[in-house]
Protein chains: 2
Amino acid sequence: MPKIKNEPSSLVADWNTLHRVFIRPEDEGSRQTLVKYMEQILFGLHDFLNKHVGVTEEISLVKLAKEYKDTKINQDPQKKLADVIKDIIDEIAPRAVNVASPYFIGHMTSAIPFFMVHLKAITAALNQNVIKLETSKVLSVLEKQILAKMHRMIFKFDEPFYLEHVQNTETSLGVFTTGGTTANLTAMWVARNKSLPPKGKFESIEKNGFFEAMKAHGLERAVVLVSRRGHFSLKKAGGILGLGNQNIIPIDVDSNRSIDLEKLKAKIKELKADKKTRIIAIVGIAGATETGIIDPLPQLADICEALDIHFHVDAAWGGPVLLSKKYCHLLKGIERADSVTIDCHKQFYMPMTSGMVYFKDPKALDQIVYHARYVNRPGSVDLGIKTLEGSREANSLILDSALKIMGAKGYALMIEHGIETAGQFARMIRQRPLFQLVTPPQLNILTYRVVPLDIQKKLKTADRKKRQKLNAVLDDINIKIQRIQREAGFSFVSRTRLKAFRDDHHNTVVLRCVIMNPMTTVDILDEILDEQESIFKSLAE
Amino acid sequence: MPKIKNEPSSLVADWNTLHRVFIRPEDEGSRQTLVKYMEQILFGLHDFLNKHVGVTEEISLVKLAKEYKDTKINQDPQKKLADVIKDIIDEIAPRAVNVASPYFIGHMTSAIPFFMVHLKAITAALNQNVIKLETSKVLSVLEKQILAKMHRMIFKFDEPFYLEHVQNTETSLGVFTTGGTTANLTAMWVARNKSLPPKGKFESIEKNGFFEAMKAHGLERAVVLVSRRGHFSLKKAGGILGLGNQNIIPIDVDSNRSIDLEKLKAKIKELKADKKTRIIAIVGIAGATETGIIDPLPQLADICEALDIHFHVDAAWGGPVLLSKKYCHLLKGIERADSVTIDCHKQFYMPMTSGMVYFKDPKALDQIVYHARYVNRPGSVDLGIKTLEGSREANSLILDSALKIMGAKGYALMIEHGIETAGQFARMIRQRPLFQLVTPPQLNILTYRVVPLDIQKKLKTADRKKRQKLNAVLDDINIKIQRIQREAGFSFVSRTRLKAFRDDHHNTVVLRCVIMNPMTTVDILDEILDEQESIFKSLAE
C-alpha cells in the first residue's frame, strides 16, 4: 500500500482554503494528488478487504466504545483529506466488518462489483436531486425509463402500455426508495388509502385521517395479513400508518415453510365475519429474510382477486431472480400483484442504500400525491410528488449502468450461483451427522443447526415436555457456536429463532446462511462447517 | 479530457468476467485502469461542471424523453465500464443540472467540496450497513459519537450527560435518516406516540393503532401546529401517521414573516376548548424552505413548556448555523426543543442523501422501538432498532470526516458568507428601481420580484380589487422572466408563490434565491439581476 505523505501544515479554516476545497483543482499537480487519494481508497481498502471478516467480539466492542467518547466538535480543522483517508484505511477499515469476504455468509450484505464504487462516486460528483426536474433534468427522465424496465420485468405488459407510460408525467410505474423498509411502507400506505376510499363527507384518509376513515366506513380496525416470516418492516409500517402493529396479523407457515393457505383462508373468513374489520392488504413474500422461502404467489393472487384485496409482494430479496431464465418460474404469480418491493442493495448488488416499489396500476401512486409551491407543481415531471422520501440521489443511474455492464445474463449467473451453491450446501449439511438442516433452500438462504448424536437419538422418542428441554440445550449450544465462530473472525454465519417444526411451540435457534457472494465456494462452506464442528468438540471437552 | 480507449470486445456474461468484476484486480495494469476511470469521474465531470447551468427547457425535455423510451432489459452486457463512464460524461452530465455552478442559486442543492466525492466512494467501498453491529461494527460506534457531538451542539448539556449517553446501548440521542422529510416524519411519529400514552386496556398507539388511541383518550382528532411556511413534509407526515393532513394546521405569519404568535395562541385556545382534540406537537421553523425565516423559538418554547406540548424544531436548513459564533444567536431557543431536524445534504454540504433528527430526551426514541429475531435484538448496539428506515449506509463517516477536515470554523465561514452575501444582495435589489424585495433575508434565502415602475405607482393608490388585477399581471411577468432565464441556461433562480403582504389574500409569485455556494459573489448576483432586467425589457418590447 503506497504511503501518503503526512505533511505538517497549518490547518486553518480560512477563505483561501475554502476556495481550494470548493474549486476543483486546475493544475496537473493537484489533480494527481486527488487521483492518488482515490487510488488509496480503491486499493488501500482492498488490501483490508482481502484479509479478515472482522465481525465484532462483545468484549472488543466495549474497548472500542471507550475510544469514541469525545463529544466536542473541534473548532479548527484537525486533519487534511490525506490524513483522513489514511486514518480510515488504517484505523476504521480494520475495525469494520468485511462484508465482502466470501466467508461472510451471515447477512444480506455482501461483496459488490468494484465498478459500483465508481458509479457511486459519479452519482456523488453530479449530486443531482431527483426530487424535482430543476435539480436533475435528464436523471429524472432516465429514472422513469429504468422504472419502466423493472415494471416490465415484473408485470410483463405489452409494448404499447410501456410506450404510453414510460415518460408519462401523469402516471408512475414505481418509485425509488431508500430500501425495502420504506418500499413496503409506501406500498402499505397506498393500500391503506385505496381500501378506505372517499365516502359522503369523508374526502380521503390522507386528508381527514384514520379516525374519520374508520367512522365513515363504519369500521374499527384495518388489518394486513402476512406469514409469520414477514419482514419486521411490515409491523413497523402498521405502527406508523395508524393501523397498529397488532393488526399486521401473522399467519403460520405450513410444511413447505411458506404461508399456510388453509390457515390464511380461515383467518380471512373470521375477519370477514366481523363487519367492523377491513383487510387492506395481503402480503406474499418472495424470499423471506430468515429462510429465503417464497409464498405460493398464484394462490395468494387468486384469493386477493376474488375478494378485491390489495396484493403486495415483498420481493426485496427475491425480485432479481426474475432475471434468471432458469429460476424465474419460482416467482410465478408476482405479475398478478398490485405492488412489489425490490431492493437494489441486495441482489442487484448496489451499494447501500437503495430500494424500489412498483405498482401494477400506473395511477396507484395518486393515492399519495403531495405538491409544494416551490417545487413539485402539479403536472410537472418532478418525481418527488409521489414519494415518501423528499430529496433523493440518482440511484437509478447506478442500476441503469449496472444493467448495461452486467446484462440480465450477468445478474442471472450470480443468482444461479447462489441458488445452486445453497443447494450443494444443503446436501453437505445433510451428509454430516452432527448437523440438521432446518429450512432447506428454495433460493440461496438456508438454516440449520448443530444436533449432537446423543440428543438426536433422545429427540426421536421424547415427549413434548422432554423435547422442549432438549431443544433448550440445543439452542444454547448453537448460540455458543455462532458466537465463538463470529469472535474468532475467520467466517461469519448469523443466527435467528424460528418455529422450526410444525406443532412445535418452541422458537428454535438456527444458524442462517445467505449465499450471495459469487466467490463463496463449496470448499469455503466446507471449511465453515469444519470450524463449527471443531468448536462444538471444544465445547464438549 | 483524456480519452478512454474504446476497445472492441466480446461483451459476454460469463463466469470469468464475473470473477474479474468481483475480485478486485491484483496486477498493476488493472489497478491503473481503474484509477484512470476515477480520474475521468473526477475531472471529466469537472470540465462539464465549470461550463453551464443547464436547467431544462420545457421543449428540450420532450425531445429528451423520446430518447429514453426503450423499456426492455438487455440480456447480454451492452457496455464495458469504460464506455459507461464515457457515456455518462459525454451524454448524461451535459444534460444534467449543474447544481455546482455559482450561478445556480435557485434551490437548496449546491456545490459540494470535492473531498465529499472521495468520502462517498469510501463509504461505498466499505459498504457497511449500520442497521446492525454485525454489518458495521466500528461504524455503529462512530455514528453514536457523531450523534452525541451534534446533540451537544444543539442542546448543550454537560460533559457527564454526554459521557453517560455517547456509547450507551440503552439510549439514543438521535438517528440518521435519509433526509429532512423522514427526519420530520420520525419526530412527528415520536410526538404522536408520546402524546397518546397507554390508558387502561389501551397499551400503545404503536400496537393498538390510531382509532383505539382516540377511543381510549376520548378524542376525535390529533393536530400539529406550524406556520404557513412549514415544509410540505409535515403535511405528508400528517397523512402517513393517520392524523390526516388537514390536521397539520397552518398558522399565518406576521410582519416578521415568522409564525404569528397571537394567532397561534388564539388557535391553541380554540383547540383546547374542544375536549375532543389533542395538540401533539408545535413546530418551529429554523430556516423556512421558501424564505429562510426563523420562527421565534424562545416564545414557542415558552408556550410548549406551559402546555406540555412536544416542541419540534425543523432546522433542516438552518441547523448548521449553530457552528457560527457570529450567527448562532439567531437560533436561540433551539436548545429547548424536544426534537430537532437537521439535514446533512444541505448546509453540511454532504452529497445526497442524508438527514438527522435529535431528541432532547435520550429515551424519547423508545416510543418507536422495533426488534427482529435475526438482527436488532433487545439490548444490542444495533442502531436499526429505533429508525424509520431499515438498511442504511454509514453517512456518519462522511459527516465525521468533513468536520475533521473543515472544523466548525470552516463551516462557519461558509454559513457567514451565505448570510452576508444574501444581505448584500438584498441591498442591491432595493437599489434597483425595477425590483421589489419581498422577504428580506434573515439567513441566506430571500425572495423578490420584478415590479415595473408604472405598476408600482398604480399599486400605491389601487383598491383591493384593482391590486389583485395588478398582482396577477406581475405574477405573469415574473413567471415569464424566471422561465426565460432558466431556459437560457446561464443562471438559475427558482420561483414560488407566497402571501407576500399582510392582509393580502393573493399568493404572489416571487423569485427565490438560496445563497449557499461560497463561489457565488456579488458580481455574479449583479449579472443575474442584469439578465433579469434585460429579459424584462425584451418582454416589454
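Only one residue in B:E170, B:E164, B:E143 is surrounded by fewer than 24 Cβ atoms within 10 Å (Cβ to Cβ), more than 7 Å from chain A (Cβ to nearest Cβ), among the acidic types (D, E) and in a helix (DSSP H, G or I), so which one is that?
On the way: B:E170 fails: in a helix (DSSP H, G or I); B:E143 fails: surrounded by fewer than 24 Cβ atoms within 10 Å (Cβ to Cβ).
Exactly one of B:E170, B:E164, B:E143 is surrounded by fewer than 24 Cβ atoms within 10 Å (Cβ to Cβ), more than 7 Å from chain A (Cβ to nearest Cβ), among the acidic types (D, E) and in a helix (DSSP H, G or I), namely B:E164.
Within region B:103-130, track down each residue that is part of a loop (DSSP other than H, G, I, E, B) and either over 17 Å from the mean Cα position of the chain (by Cα) or on the phi > 0 side of the Ramachandran plot (or both). Show your work before the answer.
Taking region B:103-130 and keeping what is part of a loop (DSSP other than H, G, I, E, B), we get B:103, B:105-114, B:127-130.
Once the filter is applied, which keeps residues that are part of a loop (DSSP other than H, G, I, E, B) and either over 17 Å from the mean Cα position of the chain (by Cα) or on the phi > 0 side of the Ramachandran plot (or both), region B:103-130 yields B:Y103, B:P113, B:F114, B:N127, B:Q128, B:N129, B:V130.
Could you tell me how many of the residues in region B:199-252 are within 10 Å of chain A (Cβ to nearest Cβ), outside any helix (DSSP H, G or I) and in contact with a strand residue (DSSP E or B) (Cβ under 9 Å, 6 or more places away or on another chain)?
11
Go through region A:326-359 and count every residue that is part of a loop (DSSP other than H, G, I, E, B), more than 20 Å from A:L399 (Cβ to Cβ) and out of contact with any Lys or Arg (no Cβ under 8 Å at 6 or more places or on another chain).
4
Can you pull out every residue in region B:66-86 that is surrounded by 14 or more Cβ atoms within 10 Å (Cβ to Cβ), of a type in the set (D, E, K, R) and part of a loop (DSSP other than H, G, I, E, B)?
Correct list: B:K69, B:K79, B:K80.
Test B:V493 against the criterion of being within 26 Å of B:G319 (Cβ to Cβ) and either in the same structural domain as B:Y411 (by TED's automatic domain parsing) or of a type outside the set (K, R) (or both), and give yes or no. Break it down into steps so the answer makes sense when it comes.
On the way: within 26 Å of B:G319 (Cβ to Cβ): yes; either in the same structural domain as B:Y411 (by TED's automatic domain parsing) or of a type outside the set (K, R) (or both): yes.
Yes; evaluated as a whole, the condition is true for this residue.
What do you reckon, is A:S324 modelled with pLDDT of 95 or more and touching a His at 6+ places or on another chain (Cβ under 7 Å)?
No; evaluated as a whole, the condition is false for this residue.
Which residue out of A:F114, A:F104 is surrounded by fewer than 24 Cβ atoms within 10 Å (Cβ to Cβ) and either among the basic types (K, R) or outside the structural domain of A:T341 (by TED's automatic domain parsing) (or both)? Even if it seems obvious, please write down each step before you answer.
Values: A:F104 fails: surrounded by fewer than 24 Cβ atoms within 10 Å (Cβ to Cβ).
Residue meeting the stated conditions: A:F114.
Here are B:E206, B:E262, B:E270: which of them is acidic (D, E), buried (at least 18 other Cβ atoms within 10 Å of the Cβ) and out of contact with any His (no Cβ under 7 Å at 6 or more places or on another chain)?
It is B:E206.
Is it the case that region A:352-365 has a residue that's at the interface with chain B (Cβ under 9 Å from one of its Cβ atoms), crowded, with 22+ Cβ neighbours inside 10 Å and among the hydrophobic types (A, V, I, L, M, F, W, C)?
Yes: one or more hits.
Hey, can you tell me all the residues within region A:496-541 that are without any contact (Cβ under 8 Å) to a residue 40 or more places away in the chain and basic (K, R)?
Scanning region A:496-541 gives A:R497, A:K537.
Give region A:272-314 a look and list any residue that's of a type in the set (D, E, K, R) and under 30 Å from A:R495 (Cβ atoms), or say none.
A:E290, A:D295, A:D314
Identify the single condition in (1) farther than 30 Å from B:C344 by Cβ; (2) more than 14 Å from every other protein chain (Cβ to nearest Cβ); (3) in contact (Cβ under 8 Å) with a residue 60 or more places away in the chain; (4) among the β-branched types (V, I, T) that B:I455 does not satisfy, given that it satisfies every other one.
(3)
When you look at A:A93, is it closer than 23 Å to B:L139 by Cα and either within 7 Å of chain B (Cβ to nearest Cβ) or in a loop (DSSP other than H, G, I, E, B) (or both), yes or no?
Details: closer than 23 Å to B:L139 by Cα: yes; either within 7 Å of chain B (Cβ to nearest Cβ) or in a loop (DSSP other than H, G, I, E, B) (or both): yes.
In short, yes.
Take the conditions within 18 Å of B:V130 (Cβ to Cβ) and more than 9 Å from chain A (Cβ to nearest Cβ) and apply them to B:S401. Does it pass? Walk me through how you get there before you give the answer.
Values: within 18 Å of B:V130 (Cβ to Cβ): yes; more than 9 Å from chain A (Cβ to nearest Cβ): no.
No.
Within region A:107-119, is there a residue that is touching a helix residue (DSSP H, G or I) at 6+ places or on another chain (Cβ under 9 Å), more than 7 Å from every other protein chain (Cβ to nearest Cβ) and under 22 Å from B:P94 (Cα atoms)?
yes
Those residues that are more than 29 Å from B:Q347 (Cβ to Cβ), in a loop (DSSP other than H, G, I, E, B) and within 14 Å of chain A (Cβ to nearest Cβ), I need them from region B:474-521; list them, please.
B:H506
Which pairs do you get when a residue that is free of Cβ contacts under 8 Å to residues at least 60 places away in the same chain, found in region B:95-112, comes within reach of a residue that is of a type in the set (K, R) and surrounded by fewer than 24 Cβ atoms within 10 Å (Cβ to Cβ), reach meaning Cβ atoms under 8 angstrom, with the pair 6+ apart or on two chains?
What qualifies is B:N98/B:K51.
The values are calculated or read from the model by the stated rules, or taken from the named source; none is laboratory data. Keep in mind the model is a prediction, meaning the values are calculated, not measured. Cβ sites come from the backbone with ideal geometry, for glycine too, and all protein chains shown count toward neighbours.
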